[in-house]
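Okay, so here's the structure we're looking at.
The values are calculated or read from the model by the stated rules, or taken from the named source; none is laboratory data. In this text, all values refer to a predicted model and were calculated from it rather than measured experimentally. Here Cβ is always computed from backbone atoms with ideal geometry, including for glycine, and neighbour counts include all displayed protein chains.
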Amino acid sequence: MLEVDIDRTRDWDGQTDWERIAEDAVKAAFSVSSHGDLADAPFAISISIRLSDDGEVHELNRSWRGKDKPTNVLSFPMLEQDELDALANTDDGEVLLGDMILAHGVCAAEAVEKAIPLTQHATHLIVHGTLHLLGLDHIEDAEAEHMEALEVKALASLGIGNPYSDH
């Protein structure tokens, strides 16, 4: 069972159902990953998502990645690949998969640049971040292509077009 905890700053529109958007994005990411079966596990898998501002994300990006600028999304996995694989043998309890944070200003500017709604871009970034929590990365070209293909498939299941089609 997936549990998605959302915390947001006032920068993020209070009229938007960010909880539903995040839950749908997380479920879509799980469904295309090699760990898709965990979404229906008999134990709770928890992901914490913070919708924040550029300043907080800038500080985390500087502290954790050595990059002195804000970025759109940061993911902080709590499990190594072997621990993820071992979850198939777990039958109760709760597992914290990891944390994710999105920067409102960066996300909003990117959405405007792409001429798409912020909700759509945030959905993409939550799918992207969830795949990171599930052990995927995009450091090598082959990894990036695989991860992008999974993102496109997850987003298509939500009725969202290919975010990489311009590239």
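Restricting to segment 82-93, name every residue that is closer than 17 Å to Gly135 by Cβ and part of a loop (DSSP other than H, G, I, E, B).
Thr90, the sole residue that qualifies.
Does Val73 qualify as being of a type in the set (Val, Ile, Thr), within 24 Å of Leu158 (Cα to Cα), crowded, with 17+ Cβ neighbours inside 10 Å and modelled with pLDDT of 95 or more?
yes
Listed here are the residues, each with its yes/no results for (1) more than 21 Å from Ala156 (Cα to Cα); (2) outside any helix (DSSP H, G or I); (3) of a type in the set (Asp, Glu); (4) touching a residue at least 24 places away in the same chain (Cβ under 8 Å).
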| site | (1), (2), (3), (4) |
| --- | --- |
| Asp11 | yes, yes, yes, yes |
| Ile47 | yes, yes, no, yes |
| Arg50 | yes, yes, no, yes |
| Val57 | yes, no, no, yes |
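Residues are listed down the side, and each one gets a yes or a no for (1) charged (D, E, K, R); (2) in contact with a strand residue (DSSP E or B) (Cβ under 6 Å, 6 or more places away or on another chain):
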{"site": "Cys107", "(1), (2)": "no, no"}
{"site": "Glu110", "(1), (2)": "yes, no"}
{"site": "Leu118", "(1), (2)": "no, no"}
{"site": "Gly129", "(1), (2)": "no, yes"}
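Quick check: anything in segment 85-106 crowded, with 16+ Cβ neighbours inside 10 Å, on the phi > 0 side of the Ramachandran plot and in contact (Cβ under 8 Å) with a residue 40 or more places away in the chain?
yes
Of everything in segment 59-84 that's free of Cβ contacts under 8 Å to residues at least 24 places away in the same chain and touching a Lys or Arg at 6+ places or on another chain (Cβ under 9 Å), which residue is farthest from Ala22 (Cα to Cα)?
Checking each candidate, the answer is Asp68.
Need at least 1 residues that are within 16 Å of the chain's Cα centre (by Cα), modelled with pLDDT of 95 or more and closer than 13 Å to Asn72 by Cβ per element, so show me which helices (runs of 4 or more DSSP H) inside segment 94-167 make the cut, counting only ones lying wholly within it.
Filter on segment 94-167 gives 104-114, 118-133.
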